[in-house]
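Undergrad: There's a structure below that I have some questions on.
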Amino acid sequence: MKHHLKTSAVLALAALTAACSGTARSNGKTTTYQLTAGTGTPRADLNSFTWSIYAEPTSIDYAQSFDYPPNQVLANVCESLLRWKPDLSYGPALASGYQNPTPTTWVYDIRPGVRFHDGTRLTADDVVTSLRRNLDPQVASVWATAFRNVESVTKTGPLQVTVALKKPDSAFNQYMATAPGTIESAATLAKDGKGYGSPQKGVNCTGPFSFGSWTPGQSIVLKRFDGYWDQTLKAHSGQVKFVFIPDPTARINAFQSGEVDGGWMLPPASYDQLKKGLYFGRSTTVADEVVSNLHGPLGDPRVRQALLMATDRKGLISSGAGGVGDVANSLVTPNNWNNAPAAIRGQVSAASPTYPYDVAKARALAKQAGVNGQQVVIATSPLDTQTTIATQAVAQAATAIGLKPKIDTISTDKYTALFTDPAARKGIDLFVTFWYTSITDPLDMYVSLQTGSFSNYGGWSNSAYDQAIDQAIAASDPTAKAEATARAQKIALQQLPWLPLYAEPVSLYLGPKITGVAPSINYLYYPWAASIGAK
């Protein structure tokens with residue numbers, strides 16, 4: 001599940017040294033935020049530092065880690081074949097190199113001399129076992145979609161592994177830079193079995209930190225691994241302690257008191273209070289309203305278009321996101337297009353439809369589509385104020401175009417089930433998600449809306465869209481891939497199976513004692529904590 005828990009919002013200004021910026025309007029005024037590439041070079045090493053996360057992971061098994069809490073921990077302990085860098089490019093990691101000799105073959109040369117935390121050496125057998133777990137239905141990997149086109153994973157040399165695909169897949173190699181490419185000791189996986197990744201067993205990987213301890217309900221402790229292979233990312237701290245603080249007010253208090261040294265994903269209400277240590281960074285996150293019922297009043301795309309047009313998204317950013325964000329005219333951020341040819345990037349936004357705020361026009365379009373007081377049910381939960389405010393904004397838009405919205409407030413666990421259980425979505429027309437992509441590629445989002453995809457929560461189906469996605473996946477030429485993806489995006493934005501609300505940057509707080517980390521969404525798969533040292 002890629003929905004994250006956030007909390008209350010107030011208007012705030014963060015003025016930081018940066019390379020790029022965005023704006024949002026509130027009460028007629030413009031709030032400016034800036035993106036920061038780095039936070040400084042550590043002056044010295046640390047004995048330890050403490051980091052907050054908003055929820056306790058259920059597991060740190062890489063095959064079951066698909067959300068912010070487990071991934072930000074795991075990223076510092078386990079590594080993938082490739083590495084997703086802070087600038088959202090990717091390069092070698094546990095694979096020192098790779099080749100693509102045929103459209104359906106990827107060959108990975110495994111880096112020699114790498115040791116697991118138990119001291120054993122990394123081999124091709126470990127890589128084969130780790131990748132194959134994502135194909136095992138008994139494991140039920142949350143990353144199975146990344147392996148949807150994999151035919152086989154085989155050892156083709158002492159330090160070489162070959163992945164054969166059923167058909168070309170232009171995204172597969174990029175996934176090897178994130179969680180699907182994670183490598184664990186084959187011996188550990190066999191020994192720990194179903195207990196792998198639990199508080200009792202932990203993990204045994206190759207990262208700059210090793211698993212230390214996990215006290216359920218309280219914390220996870222990682223310890224510096226002195227045998228780490230990459231000296232450029234050797235940890236500056238002897239240990240890092242992750243503490244679980246779900247209450248946003250308690251998190252803010254812990255930052256201000258110095259009890260906690262830092263954290264990702266800050267409550268927008270804290271931006272003003274924490275501005276001395278506040279940073280924003282590159283992101284691939286878009287807040288969306290998912291249309292989960294296409295058989296009711298929202299079945300007509302004109303109604304969905306009207307609903308988006310009647311949603312005050314600039315006002316939503318001001319009231320729900322602390323004034324930090326940008327109206328989303330797509331289901332992905334511009335960052336997702338970074339690897340596309342420049343000529344295509346310039347065409348993408350121009351070719352896609354947009355829905356400027358216009359209540360009168362929206363009401364007329366809805367009336368044309370037959371809207372006349374039909375009820376729509378919008379699910380929400382006391383997860384955070386940001387979710388609540390987004391829900392209220394969409395409900396106001398529904399009223400404005402002639403629908404009768406009913407807000408159904410459900411428990412946190414039932415809200416979570418909306419992302420995994422079709423039965424939980426019965427009777428629900430709309431719900432909010434904060435959706436990020438795990439690679440720098442719009443396909444990571446758009447494959448989720450293909451017919452039959454697990455994350456296609458409303459069961460939307462469009463043959464032209466499916467064809468465009470298939471063409472993009474199979475394309476080896478970057479221009480052909482980008483053009484096909486752009487066609488799919490245009491269809492998605494015309495049909496609106498999900499309604500894009502706003503894009504938001506990564507938020508980061510660093511206390512006065514620490515520095516070094518680069519603010520970027522890549523923290524979910526990159527050993528960011530190794531960079532943190534004394535300020």
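The values are calculated or read from the model by the stated rules, or taken from the named source; none is laboratory data. All figures in this text were calculated on a predicted structure; none of them were measured in a lab. All Cβ positions, glycine included, derive from the backbone under ideal geometry; neighbour counts span all protein chains shown. Remember, those area values only see protein heavy atoms, side chains included, never the ligands or the DNA or RNA. Shrake-Rupley method; radii C 1.70, N 1.55, O 1.52, S 1.80 Å.
Undergrad: Under the Kirkwood approximation applied to all pairs of distinct alpha-carbon atoms, what is the hydrodynamic radius of region 303-367 in Å?
TA: Every distinct Cα pair counted, the radius reaches 13.5 Å.
Undergrad: Across 5 Å bins from the origin, how do the percents of Cα pairs in region 379-455 run, short distances first?
TA: Per 5 Å bin, starting at zero, the Cα-Cα P(r) for region 379-455 comes out as 3, 13, 20, 20, 18, 18, 6, 1 percent.
Undergrad: Another question, then. Sort 246-255, 441-450, 381-390 by packing, meaning the average of other beta carbons within 10 Å per residue, with the highest value first.
TA: Order by mean packing, descending: 441-450, 381-390, 246-255.
Undergrad: Now, a different point. Express the C-alpha Rg of the chain as a ratio against the empirical globular expectation 2.2 N^0.38 Å, rounded to two decimals.
TA: Relative to the rule-of-thumb radius for its length, the chain sits at 0.95.
Undergrad: A follow-up question, please. If you find the alpha carbon centre of region 315-345 and of region 444-513, how far apart are they in angstrom?
TA: Each part reduced to its Cα centre gives a spacing of 13 Å.
Undergrad: Placing one identical point scatterer on every Cα of region 332-374 and ignoring solvent, what is log10 I(q)/I(0) from the Debye formula at q = 0.19, 0.21, 0.26, 0.30 Å⁻¹?
TA: The computed values of log10 I(q)/I(0) come out as -0.68, -0.73, -0.90, -1.07.
Undergrad: Could you pull out which residues in region 97-113 have an amide N less than 16 Å from a spot 7 Å beyond the Cα of GLN160, following the Cα-Cβ vector?
TA: From region 97-113, the list is 97-102, 105-112.
Undergrad: At a Cα cut-off below 17 Å, give the aspartates and glutamates reachable from LYS513, other chains included and same-chain residues fewer than 8 away excluded.
TA: Output for LYS513: ASP45, GLU259, ASP261.
Undergrad: What is the Cα coordinate range of region 449-535 on the first, second and third principal axes, sorted by size from largest, in whole angstrom?
TA: Between the extreme Cα coordinates on each principal axis of region 449-535 lie 55, 30, 20 Å.
Undergrad: What is the dipole size for region 405-535, taken about its Cα centre, with +1 at each Lys and Arg Cβ and -1 at each Asp and Glu Cβ, in debye to the nearest 20?
TA: 380
Undergrad: Now a separate question. With +1 on each Lys and Arg Cβ and -1 on each Asp and Glu Cβ, and nothing else charged, work out how big the dipole of the chain is about its Cα centre, in Debye to the nearest 20.
TA: The dipole magnitude comes to about 660 debye.
Undergrad: Can you pull the one-decimal nm distance between simple spin-label points at ILE407 and ALA250, each 7 Å off the Cα toward Cβ?
TA: Computed distance between label sites ILE407 and ALA250 equals 2.5 nm.
Undergrad: Now, a different point. Rg/Rh for region 359-413: what does it come to with C-alpha atoms and Rh from Kirkwood?
TA: Computed over Cα atoms, the ratio is 1.07.
Undergrad: Can you give me the accessible area per residue for region 353-508, using a 1.4 Å probe, in Å²?
TA: Value returned for region 353-508: 38 Å² of accessible area per residue.
Undergrad: Of all beta bridges DSSP finds with both residues in the chain, what is the antiparallel percent, to the nearest 5?
TA: 75
Undergrad: Let me ask you something else. In debye to the nearest 20, how big a dipole does region 256-385 give about its Cα centre with +1 on each Lys and Arg Cβ and -1 on each Asp and Glu Cβ?
TA: Using Cβ point charges on Lys, Arg, Asp and Glu, region 256-385 gives about 500 debye.
Undergrad: What is the percent of Cα-Cα separations in region 412-464 that go past 15 Å?
TA: Cα-Cα pairs in region 412-464 separated by more than 15 Å: 54 percent.
Undergrad: When the accessible area of the chain is split by element with a 1.4 Å probe, what percent falls to carbon and sulfur?
TA: The nonpolar share, carbon plus sulfur, comes to 50 percent.
Undergrad: I've got another one for you. Please enumerate, by chain and number, the lysines with C-alpha under 21 Å from the C-alpha of LYS85, excluding those fewer than 8 residues away in the same chain.
TA: Result set, ordered by chain and number: LYS2, LYS234.
Undergrad: If you don't mind, another one. May I ask you to order 527-534, 343-350, 507-514, 195-202 by the average number of other C-beta atoms within 10 Å around their residues, highest value first?
TA: 527-534, 507-514, 195-202, 343-350
Undergrad: Taking the alpha-carbon distance from LYS404 and a cut-off under 20 Å, which aspartates and glutamates remain once sequence neighbours fewer than 8 residues away in the same chain are dropped?
TA: Hits, sequence-local ones excluded: GLU289, ASP300, ASP312, ASP358, ASP429.
Undergrad: Compute the signed sum of charges (Lys and Arg +1, Asp and Glu -1) over the other residues within less than 13 Å, Cβ to Cβ, of LEU74.
TA: -4
Undergrad: Give the accessible surface of region 95-217 per residue, rounded to a whole number of Å², with probe radius 1.4 Å and ligands, DNA and RNA excluded.
TA: 40
Undergrad: Which listed residue (TYR54, ALA144, LEU189) has the Cα farthest towards the positive end of the charge dipole for region 52-189, taking +1 on Lys and Arg C-beta and -1 on Asp and Glu C-beta about the Cα centre?
TA: Highest projection toward the positive end goes to ALA144.
Undergrad: Highest mean first, what order results for 165-172, 331-338 on Cβ atoms within 10 Å?
TA: Ranking, from highest mean packing down: 331-338, 165-172.
Undergrad: Also, I was wondering about something else. May I have the pair-distance distribution P(r) for region 185-339, computed from all Cα-Cα distances with 10 Å bins from 0 and rounded to whole percent?
TA: So the P(r) values, bin by bin, are 8, 22, 26, 25, 15, 4.
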